[in-house]
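The values are calculated or read from the model by the stated rules, or taken from the named source; none is laboratory data. The structure presented is a predicted model; accordingly, all values stated were derived computationally and were not measured. Neighbour counts are summed over all protein chains in view; Cβ atoms, including those assigned to glycine, are modelled from backbone coordinates with ideal geometry. Surface accessibility is based on the protein's heavy atoms, side chains included, excluding ligands, DNA and RNA. Shrake-Rupley method; radii C 1.70, N 1.55, O 1.52, S 1.80 Å.
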Amino acid sequence: MTYLGIDIGTGSSKGVLVAADGTVLRQARRDHVTATPRPGWFEHDGDGVWWEDFVTLCRELLAEGAEPPRAVCVSGIGPAVHLTDAADRPLRPAILYGIDTRCAAQAEEQNERIGVETLMARAGNTLSTQAVGPKLQWVAEAEPEVWARARRVYSAPGWLVRRLTGEYTIDHYSASNSDPLYDVTTLDWWEEAWEPYDRLERPRLAWPSEVVGHVTAQAAEVTGLAVGTPVTAGAIDALSEAYSAGCRTPGDVMVMYGSTLFMIQVTSRVVTSRRLWAASGRTGETFSLAAGMSTGGLVTSWMRDTLGQDYASLQEAAAAVPAGSDGLLLLPYFAGERTPVFDPTARAAVLGLTLGHGPGHLYRAGLEGVAMGVRHNLETMREAGASAGRLVAVGGGTAQRLWTQIVSDVTGLPQDLPSLTIGASYGDARMAADADGVDTSGWNPVAERVEPDPAVRETYAELFRLYLEAYPASVPFSRGLRALDHR
């Protein structure tokens, strides 16, 4: 028995064919281009990128006599807005998630009109350029001819489900990220929030592992899948990534060490905070609390390029430097910051620099600075009522073992490193297997556990205290310096 998972990312799509015991049989990847027709706009062609990638990956994974999958699950970037007309023909390229900032004014207007307290009580979040409602309002105002013809709105996984099965659906997790349209207290659409968009038919809600349809003859012909293959609702890629690494129990926190750094904690109830992102979960019994830093691996790549040394040399030098980097503190706000400060004007800073510091000190301070941001988000989660039980580390940055050790030392929490770090597509295959009744509890076992070093606890507690004090003190300087930046 095999199961197919395919994930549509911002710059590439990935697919995997997995056996019922969790063994990866085949992998495939396809790069694509994200269109930026104007500054601050990021778009994908729903057919030319999403569907074409799916078809190409599917055919590659199923070539040369591969066993046909018993179920399929897809994930993708989100929340996204893909509008179609009454005949389900795409009307414009899909508008991507919060990196597309065209609807900033609409988000501000809706926050004021609906009210922050009401939004927090019903949607669980205030509105930003990440939100779907402001994106829909932008289309209505800026492209009235498109809006006049719009009848349906799809997420990325929802559009692939439509092309595979003919069904119009969205998973609960993607819906709960489609602020302010979903009510996290009822796990259903928020009727009042939908009123400005009543020309749109609402997609049917389903849980990520729920079978929502079956592969049609038309889809089978182009993909190579068997007619009637079950297809699940899927999810936004972050949830699939967390599940791929085994985050399924309340208190589990995925820490994704990518170019940016993202965290999702599984919770047993709705937990909201104006400094974090709340959403539903993979099942009706769980919820999610998420956080995201604007930089992670981008800090280390900047250090590598600026210092002119490779990662191996920098890690060796940093490992020889004691905890606290001999009195250096780095604020990692190289690209502003998302949670928990939500300040796009924030700037990075290095405090305590002397002539006695070298590349190893700077690199370690960079790793420690990102780790301080992780702790800041975890403590914000705890203050909101969601205490982390364990961290599960995924992403390319986990190859830097010094970094994962520093994060555990700073947070005081162990980190589990899974055997496989393939990502969201593996989580998709796991959800497809779940839908087929397979027990996937043994998939992707922990390969290594990183334990915090109690000897450096006090050093990092003091450094964290200074970290928290340094950001608000830096705000007026960051804003003043931004005015002098003519790049």
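Annotations
- Remark: C-alpha extents of segment 237-306 on the principal axes read 47, 28, 18 Å, sorted largest to smallest.
- Placing +1 on each Lys and Arg Cβ and -1 on each Asp and Glu Cβ, with no other charges, gives the chain a dipole about its Cα centre of roughly 460 debye.
- When only alpha carbons are used to place a centre, segment 336-358 and segment 376-400 end up 20 Å from one another.
- Positive-end ranking of 446, 49, 207 along the dipole of the chain, with charges on Cβ about the Cα centre, is headed by 49.
- The HN-Hα couplings worked out from phi for segment 265-270 by the Karplus form 6.51 cos²θ - 1.76 cosθ + 1.60 (θ = phi - 60°) are 9, 7, 10, 9, 8, 5 Hz, whole numbers, x standing for Gly and Pro.
- Carbon/sulfur fraction of accessible area - segment 192-261, other protein chains in place, 1.4 Å, %: 49
- Over all distinct Cα-Cα pairs of segment 1-140, the Kirkwood formula returns a hydrodynamic radius of 17.0 Å.
- Legend: calculated FRET efficiency, residue 120 to residue 459, from the Cβ-Cβ distance at R0 = 45 Å, rounded to 0.05, equals 0.75.
- Backbone HN-Hα couplings from phi across segment 282-294 [Karplus 6.51/-1.76/1.60, Hz, Gly and Pro as x]: 6, 10, x, 9, 10, 10, 9, 10, 10, 9, x, 9, 6
- Segment 23-68 and segment 109-187: distance between their alpha carbon centers, rounded to Å: 24
- For GluC sites (Glu not before Pro), the sites in segment 274-355 that DSSP calls loop and that have at most 11 other Cβ atoms within 10 Å are 285.
- Under 17 Å from the residue 342 label point (7 Å along Cα→beta-carbon), backbone N, segment 123-140: 123-135
- Relative contact order [Cα under 8 Å, 6+ residues apart], segment 373-487, whole percent: 25
- Here the calculated FRET efficiency for residue 23 and residue 249, from their Cβ-Cβ distance with R0 = 30 Å, stands at 0.80, rounded to the nearest 0.05.
- Inter-probe distance in nm under a simple model that places probes 7 Å from Cα toward Cβ, at residue 285 and residue 148: 5.2
- Placed amide H near residue 453: partners under 5 Å, 5+ positions off or other chain: 409
- For residue 392, the amide hydrogen comes within under 5 Å of the amide hydrogens of 253, 254, 255, 416, counting only partners 5 or more places away or on other chains and with H modelled in the peptide plane.
- Each Cα pair under 8 Å and six or more residues apart adds its separation to the average, and for segment 167-279 the resulting relative contact order is 22 percent.
- A value for Cα extents along the principal axes in Å was derived from the coordinates, and within the list (i) 87, 55, 38; (ii) 88, 53, 49; (iii) 69, 52, 40 it appears as (iii).
- The GluC sites (Glu not before Pro) of segment 1-109 meeting both criteria, a DSSP state outside H, G, I, E and B (loop) and at most 14 other C-beta atoms within 10 angstrom of the site's C-beta, are 64.
- Computed from label points 7 Å out along Cα-Cβ, the spacing between residue 185 and residue 305 is 4.7 nm.
- Between segment 235-274 and segment 454-480, the Cα center-to-center distance that results, in Å: 25
- Whole-number accessible area per residue in Å² for the chain, which is evaluated in the context of all protein chains at 1.4 Å: 39
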